[in-house]
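Student: Quick one: this structure, given as structure tokens, is what I'll be asking you about.
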Amino acid sequence: MATNDVELADQPLRHPGHSAGLLELFKWRFLLNLLVKKELRVRYRGSVLGMIWSYVKPAVQLMVYYVAMGQFLGLGRAIPGYVVYLFSGMVMINFFNEILSNTTRSIIFNAPLVGKIYLPRELFPVSSVWVAFVHVVPQIVVLIVGALLMGWRPGIMNIVGGVAALLVIGMFALGIGLAFAAFDVYFRDAENLVELLMMVAIWVSPVFYQWHMVADVLPKWLFTVYQTNPLAMGVELSHYAFWMPVEGVIAPGQSPADLLPDNVTTVWLLGLLVAVLSLVLGQVIFHRLEGKFAQEL
Amino acid sequence: MTASPDGLVMAELTNVVKRFDLRHTRSIKEYIVWWATGRRGQLSDEFNALDNVSFTVTQGESIALLGFNGSGKSTTLKLVSGVMLPDSGSVRVRGRIAGLIEVGAGMHPDLTGRENVYLNGAILGLSEQQVNERFDSIVAFSGIEKFIDTEVKFYSSGMYMRLAFAVAVHTDPDLFLVDEVLAVGDEPFQRKCIARMKQLRAAGQTLMVVSHDLELIKDICERGIVLEHGRVVLDAPIAEAVDFLRSTMSD
């Protein structure tokens, strides 16, 4: 029933069309949940294999990279447990790319709703993040099974590292995605820019190679910049979670710290800061541009 | 319940101006060329969709926005709902606002009728529990019980509209906005829709309606606001407002 009269009289007059953005979404979790279900359903309409595609695509990708990078270029001989090394990084980049491409199109994609009914518009990019998460879970399962077969014995800190990797990548990608989702309403070129970013993503993080190969080539300050990018951080955290606890990766008498750069604490704190800042900035940009969404669509 | 002039204010528009620009360009390249060549010429045309509009809606009132195409009726509803923001002036509202701004905007063809009821209910601001409680009543109103677990893409357009309408009239907001769609479907269902609107009206539901069906509007609303090129030209009891509009039509 409608808010009863006494309560209604107590409510102040408010300006419609203003929301607290991401902070308000908790109230909308019922709708958020339904939007995620809808997006998953729509994605796989008319598809026989459905969700199985989320296994097939990364599996093919992994095979190609493993043969090309690991065997032809010989990286597999230099890095023990290269399959796990490679895949643990790829999963994070796939997560990043999926969030970014989904969020960027999320407002355009929901144009009929955005233009006709007022809802906190952040609902759409955020539901895209959940959809990306649903897609990354099978990949993580495959990763864990593969790692277990190769003798993965994680400690509690490794698990924490894996969760932290997803969080950092998720915040960073949502931040960029919010900004691009808003740009996309005004200029469809945003989608091309995002494709460019996605192409670069896998190379600016140590997915194929190891961080010290970058340190050997780049000047120190530039290497620090490289390290603080949340993608490199997420991938390295993922290595820490899934690759390092694999049997034979850490030589006898060594510890995981020996495989990480000396300044790892500092750059990871900075990387976290960059991820949080990108989320805040993305929200601010989104908020400033959303006022004209309805008339631009 | 009759509306009193000193009733609780549900919506208040004060000197509202809404400008639209009809942008000619759509790509960054064109924009940069335009910018780099000294920003000559207009990239866009501007016009005022609403120009200094002020009025107040109090609880229990049913207001019709009248006017010809392009007079700013729908824009006014979009400002009240929050879909659009005013360029100057202020719009303030109280309570939960929902409506039939466009029946079926939240419907998705790949979901079943049941799933769409939940999705639409949530979009219009209902909680899960509220949808659960009203589900049977919504389905009964729509009259498509047999097809509720069928994907909506297999519905006829009439069934589609009936379901969407049924959800909307069960949302029970504090301020109900209706744009053009007072009635959908075949004749019997249309009668049902109109009966439901009158029932809401009699129960003291605050309504803001946009429609070109003047006879119907006379039946449902008590006050009419006539808009012309984005300006309020008359704010009067509905019969007077309808007569005024008809007289300008014959000019």
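The values are calculated or read from the model by the stated rules, or taken from the named source; none is laboratory data. These numbers were taken from a predicted model, which means no experiment stands behind them. For neighbour counting, all protein chains shown are included, and Cβ atoms are generated from backbone atoms with ideal geometry for every residue, glycine included.
Student: Could you grab me the full set of residues in segment B:19-52 that are of a type in the set (D, E, K, R), assigned to a strand (DSSP E or B) and at pLDDT below 70?
Tutor: Once the filter is applied, which keeps residues that are of a type in the set (D, E, K, R), assigned to a strand (DSSP E or B) and at pLDDT below 70, segment B:19-52 yields only B:ARG23.
Student: Any residue in segment B:195-207 that's buried (at least 17 other Cβ atoms within 10 Å of the Cβ): show its pairings with residues that are part of a helix (DSSP H, G or I) at Cβ separation under 6 Å, as long as the two are six or more apart or on different chains.
Tutor: B:ARG196/B:VAL169; B:MET197/B:ILE220; B:ARG201/B:ILE220
Student: Could I ask something else about it? So B:GLY125 clears everything in (1) modelled with pLDDT under 90; (2) in contact with a Gly (Cβ under 8 Å, 6 or more places away or on another chain) except one condition, right? Which one?
Tutor: Going through (1) modelled with pLDDT under 90; (2) in contact with a Gly (Cβ under 8 Å, 6 or more places away or on another chain) one by one, B:GLY125 breaks only (2).
Student: Just name the residue that is farthest from A:ALA257 (Cα to Cα) out of those in segment A:176-201 that are surrounded by 20 or more Cβ atoms within 10 Å (Cβ to Cβ) and within 16 Å of the chain's Cα centre (by Cα).
Tutor: Among those residues, the one meeting the criterion is A:ALA181.
Student: So, one more: What about B:PHE55, is it more than 11 Å from chain A (Cβ to nearest Cβ), of a type in the set (A, V, I, L, M, F, W, C), surrounded by fewer than 19 Cβ atoms within 10 Å (Cβ to Cβ) and in a strand (DSSP E or B)?
Tutor: So B:PHE55 fits the description; yes.
Student: Sort out which residues of segment B:105-133 are facing chain A (nearest Cβ under 7 Å) and closer than 30 Å to B:VAL53 by Cβ, and write them in order of number.
Tutor: Once the filter is applied, which keeps residues that are facing chain A (nearest Cβ under 7 Å) and closer than 30 Å to B:VAL53 by Cβ, segment B:105-133 yields B:ALA105, B:GLY106, B:ILE123.
To keep it simple, each residue is scored yes or no on (1) surrounded by 15 or more Cβ atoms within 10 Å (Cβ to Cβ); (2) hydroxyl-bearing (Ser, Thr, Tyr); (3) modelled with pLDDT of 90 or more.
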| position | (1), (2), (3) |
| --- | --- |
| B:ASP179 | yes, no, no |
| B:ALA183 | yes, no, no |
| B:LYS192 | yes, no, no |
| B:ASP219 | no, no, no |
| B:GLU222 | yes, no, yes |
| B:LEU227 | yes, no, yes |
| B:GLY230 | yes, no, yes |
| B:SER250 | no, yes, no |
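Student: Every residue in segment A:247-275 that is outside any helix (DSSP H, G or I) and under 16 Å from A:ALA165 (Cβ atoms), please.
Tutor: A:LEU260, the sole residue that qualifies.
Student: Would you say A:ILE140 is modelled with pLDDT under 95 and part of a helix (DSSP H, G or I)?
Tutor: When the stated conditions are applied, A:ILE140 passes them.
Student: Being touching a helix residue (DSSP H, G or I) at 6+ places or on another chain (Cβ under 8 Å), more than 29 Å from A:ALA68 (Cβ to Cβ) and among the small types (Gly, Ala, Ser) narrows it down to one residue among A:GLY155, A:GLY175, A:GLY161, A:GLY146; which is it?
Tutor: Residue meeting the stated conditions: A:GLY175.
Student: Here is a further query. Would you be able to say whether some residue in segment A:64-84 is in contact with a strand residue (DSSP E or B) (Cβ under 9 Å, 6 or more places away or on another chain), more than 10 Å from chain B (Cβ to nearest Cβ) and not β-branched (Val, Ile, Thr)?
Tutor: The answer is yes; a qualifying residue exists.
Student: Could you say whether any residue in segment A:36-56 is in contact (Cβ under 8 Å) with a residue 40 or more places away in the chain, of a type in the set (Lys, Arg), facing chain B (nearest Cβ under 10 Å) and more than 19 Å from A:ILE202 (Cα to Cα)?
Tutor: Scanning segment A:36-56 turns up at least one residue that is in contact (Cβ under 8 Å) with a residue 40 or more places away in the chain, of a type in the set (Lys, Arg), facing chain B (nearest Cβ under 10 Å) and more than 19 Å from A:ILE202 (Cα to Cα).
Student: Within segment A:177-209, how many residues are away from chain B (no Cβ under 14 Å) and farther than 22 Å from A:PRO58 by Cβ?
Tutor: 4
Student: Wholly within segment A:170-234, which helices (runs of 4 or more DSSP H) include no fewer than the required count, namely at least 1 residues that are touching a Ser or Thr at 6+ places or on another chain (Cβ under 7 Å)?
Tutor: By residue number, A:189-201.
Student: Just to be sure I understand the filter: pairs with C-beta atoms under 7 Å, separated by 6 or more residues or on different chains, first member in segment A:208-227 and touching a residue at least 40 places away in the same chain (Cβ under 8 Å), second member part of a helix (DSSP H, G or I) and not hydroxyl-bearing (Ser, Thr, Tyr). Which pairs pass?
Tutor: Cβ pairs passing all conditions: A:PHE208/A:MET69; A:PHE208/A:LEU75; A:PHE208/A:LEU86; A:TYR209/A:LEU75; A:TRP211/A:GLU236; A:ALA215/A:PHE223; A:THR224/A:VAL267; A:GLN227/A:VAL267.
Student: For the subset of segment B:134-177 comprising residues that are of a type in the set (D, E, K, R) and buried (at least 21 other Cβ atoms within 10 Å of the Cβ), which member is farthest from the other protein chains (Cβ to nearest Cβ)?
Tutor: B:ARG162
Student: I'd like to verify a number: residues in segment B:75-104 that are in contact (Cβ under 8 Å) with a residue 24 or more places away in the chain, within 9 Å of chain A (Cβ to nearest Cβ), part of a loop (DSSP other than H, G, I, E, B) and among the aliphatic types (A, V, I, L, M), how many?
Tutor: Residues that pass the stated criteria total 2.
Student: Quick check on my filter: what residues within segment A:9-29 are surrounded by fewer than 17 Cβ atoms within 10 Å (Cβ to Cβ) and within 9 Å of chain B (Cβ to nearest Cβ)?
Tutor: Of everything in segment A:9-29, those that are surrounded by fewer than 17 Cβ atoms within 10 Å (Cβ to Cβ) and within 9 Å of chain B (Cβ to nearest Cβ) turn out to be A:ALA9, A:GLN11, A:PRO12, A:LEU13, A:ARG14, A:HIS15, A:HIS18.
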